[in-house]
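Just below is one structure, and these are the notes that go with it.
Values in this text are rule-based calculations from the coordinates and carry no lab data. All figures in this text were calculated on a predicted structure; none of them were measured in a lab. Backbone-built Cβ (ideal geometry, glycine too); neighbour counts: all protein chains shown.
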Amino acid sequence: MEDYVAPTATSTSPWNQSTSTMLPTYTSERQPGPPAYHLSPTTLLSPVWLRQHLLLLAAFSRLKQVIQTLDLGNNRAAEGEDTQDTQACLRDLDESGRWGLFTEMAARRFGIWQVKYIAECIVELPPLDVLMVWCAYLGSPGWYKEDLVRLAPFHPGILFPDFPLDSVAKVIDPRNVVYDPGHSAATRWKTSTGLLFDPVEAFKTTHQVTVECPKCDDTFSVSWLTDTGNGYGQQGFKTRCCSCQTIVTKEAIAIRRLINELKKLFLVTSSRLAFYLLTPSPVSSRVHPLAGIMNRLGDSIADIGDRWNWSSQMAFYDLTFNHVDIERPIARLMSAYVGAERASVDLVAATLRHTVFVDKLQELGWLDPSRWDQRAETLDKAIARYTRFLQLARESPKRMLVPTIGIDIAWQTHLLLASLYRRDMKICVGQLFDREDAVEQGVLSAAFDDTAQRWQACFKVLYSTSGHLPPNESALSKISSRLHLSSMPLTFASINYDLPLIYDEVDSFLSHPSERSSIFVANDERFFKARSRRESEFRDRLTNNLKKAGKGLADASLIERAKATRPAFVTDDIHWRRFGPCGFPVTAMGVIASANVLDARVAYSPVAAGIGVVG
């Protein structure tokens, strides 16, 4: 890998040319599309947008490689900081620990940018790590929309502008995928936040972070890493406020946010709790008992926090006491209060899962700009398949649909254009088409098979030609009957790769299941057994189709790919033995190492929805 090149003042950000006081909204010239089943792929997404998105993902991939291979031997500290121990801890981190810590820092920098943006109307592009977290945040459109309305009811565009995909792509050099938004962007960032613009330099030299006591509001600095595992960038973060002696954790900081908004709910008519917009009926009808609870707890934030011991579990028990009917919505409500930032999703975990998807694209060679030039028609097919995917969403609004990798590229591109996406979904699907960020593997596997069956029943072609073998024909026949479609059996003795919904053979892996949201639940024998059953089922499918291929009843090239393909939803990442308080695997230094594995002891807790895991 070539040497890291820090951003320089060699270009001028296109944002700097704008006279607007806000981030520019990403718009298009096209008119609203027609209803589903009449959508034209060319009117929904532009291949140019997919290219721009892939270029951005390539920049993220390069950033990860730089962080994981960075020489920290001569790491210097910021002046006045006592960071020798922190530096030693940083040097001891392995690759997964480095990336986990970097992601923790990126989420904090994103949170600071949010606050500064709404206060100062910053128009310059933020650093690359902030863009990375922003992309992951946009991957949860329901929560993103809710935060837009809930946190900025009078000026929603100020807090959450559309992602400036075109502006970002213009300052990424396709030759080396270096992101360089110009000197003015770096200067404005430094002036507004007091932080270094270059995320790599920030990672090397920033060793402390400022936190606020949730009880007394006193601010003080803590280390990102400590040798005892309680630094801010470690899962066991814990410190004591010097003023009031309260034990400060990220959970306590999140509880403070919850208390603030609970109190506002009954004091300010425009105030909204998280989960308010995601429920099918007004959440106020189900959380009305909270008014009595808040009155009984008193006016003091400190009193409420102390009563709950600044704990999510204690808060859950208190809020649902004698109100069993609201346990589920309260658990889901609390899923929005799991971290120190204002977002209603766990930004660190979401970003780590997103970068696993980026890693897969890098592995496939789809982050090489020359690949897009050589296989331009493949992006057209990805858009066409995504359009049909939305048709399925309209026909099956209550079903969980699981995308393939190619569809996911198009879907995530669409999600970046948030206001456009919301408008398009209202037209195409009839409602906001949401996606879950974390789903247990077994649930995801079953949902993918269901998606494949519905796809085959509707469009008479295989959903995946990557080697992930399709369900049997009896299951397909049941789906066809349920959808009132022809039950004609689908054979694939020979796949026609010229069809508009089938990738060329060389691009077949883009039809492999996307595992971005996949979660394996560890430390529970039932999930290990379920994983083994999925492996066994895949082998049975392969054996049956090998027999068919021998009789000329199955496409030989598909079967060869199946023999060489790792089964989807059968994670290899099951070796973790150490888990942090949030339930995710941690390194020896206590830094989050993966967000695709969850400790069963956390998954079964009353507030497990706080992790946001489905299944």
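So the values come out like this:
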{"read-out": "Under 18 Å from Lys263, Cα to Cα: lysines that are on another chain or at least 8 residues apart", "value": "Lys215"}
{"read-out": "Unit charges on C-beta of K, R, D, E only; dipole of the stretch 375-614, Debye", "value": "480 debye"}
{"read-out": "Whichever lysines have a C-alpha closer than 22 Å to that of Lys426, once near sequence neighbours (fewer than 8 apart) are set aside", "value": "Lys145, Lys398"}
{"read-out": "The stretch 375-614: antiparallel DSSP beta bridges as a percent of all, rounded to 5", "value": "25 percent"}
{"read-out": "Phe321 versus Thr69: modelled label distance in nm, points set 7 Å from Cα along the beta carbon direction", "value": "5.7 nm"}
{"read-out": "Net charge contributed by nearby residues that have their C-beta within less than 11 Å of Phe459 (K/R +1, D/E -1)", "value": "+4"}
{"read-out": "Cβ-defined net charge surrounding Glu537, 15 Å radius [Lys, Arg +1; Asp, Glu -1]", "value": "+3"}
{"read-out": "Spatially proximal lysines relative to Lys547 (Cα-Cα < 17 Å; intrachain offsets below 8 disregarded)", "value": "Lys563"}
{"read-out": "Members of Lys116/Lys250; Lys360/Lys551; Lys170/Lys250; Lys381/Lys529; Lys116/Lys170; Lys204/Lys238 lying beyond 30 Å, as alpha-carbon distances in this model show", "value": "Lys360/Lys551; Lys170/Lys250; Lys381/Lys529"}
